[in-house]
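One structure below.
No lab work stands behind these numbers, since they all come straight from the coordinates. The structure presented is a predicted model; accordingly, all values stated were derived computationally and were not measured. FYI the Cβ positions are ideal-geometry reconstructions off the backbone, even for glycines, and counts take in every protein chain you see.
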Amino acid sequence: MNRRVSSESGFTLIEVIVVVLLLGIAAAMVLPRGYREATTGAALDTEAQKLAGVIRLARQKAVAGGRTYKVHLSTDNYHLAWQIGDGPETDEPLREIDSHVIITKFPANRAIVFEPHGNPSTEVYTIILSDKGDGTATKTIEVNGLGTVDIK
């Protein structure tokens, strides 16, 4: 009675293939969602930075030119334009907002107005940008009474 006990153990080829297949299916379900979230977050950050830059530029032009400048946010949520004073002329063409981002809170009259000395015409302006998906990711742009622009 000579029985041989094998000390070798391991996985069969079929077990390895099944595990790799299951990992592949899980990755295929998770990665596109993570990619979409990353894309939306990047778009939201980019749009907040661009809008803050336009607001800062309008303030600089008000101080340098000694006249009133305003950043006008158009009523259809998809274009940004800034105008000189209250007139219809613009220094810049309309700018498209990224398709993943919407403006969910506007200042009064949808405009941020800087006086010739660089201070805004009201105490504080607040603009909130949100992602178009579930709206949970947001960026808040605040312009304080001194004209400083902060992104939160």
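For GLY145, what charge total do you get from the other residues with a beta carbon under 12 Å from its beta carbon, if Lys and Arg give +1 and Asp and Glu give -1?
Around GLY145, the charge tally is -3.
Give me the number: length gained by fully extending LEU57 to SER121, i.e. 0.36 nm times residue separation minus the C-alpha to C-alpha distance, one decimal in nm. Write down the numbers at each step before the final one.
Numbers: separation 64, 0.36 × 64 = 23.04 nm, distance 1.60 nm.
Contour length minus Cα-Cα distance gives 21.4 nm.
Using a Förster distance of 22 Å, how high is the FRET efficiency between ALA108 and ALA42, based on the Cβ-Cβ distance and rounded to 0.05?
Working from the Cβ atoms, E equals 0.15.
Just to be sure I understand the model, the point goes 7 Å from the Cα along the line to the Cβ. What's the resulting THR136 to ALA64 distance in nm?
4.3
Decide, for the range 92-134, between rounded, prolate and oblate: order the square roots of the alpha carbon gyration tensor eigenvalues as a ≥ b ≥ c, take rounded if a/c falls under 1.5, and otherwise choose prolate if a/b is larger than b/c, else oblate.
Details: a/c = 3.56, a/b = 1.80, b/c = 1.98.
Because a/c hits 1.5 or more and a/b fails to exceed b/c, the range 92-134 counts as oblate.
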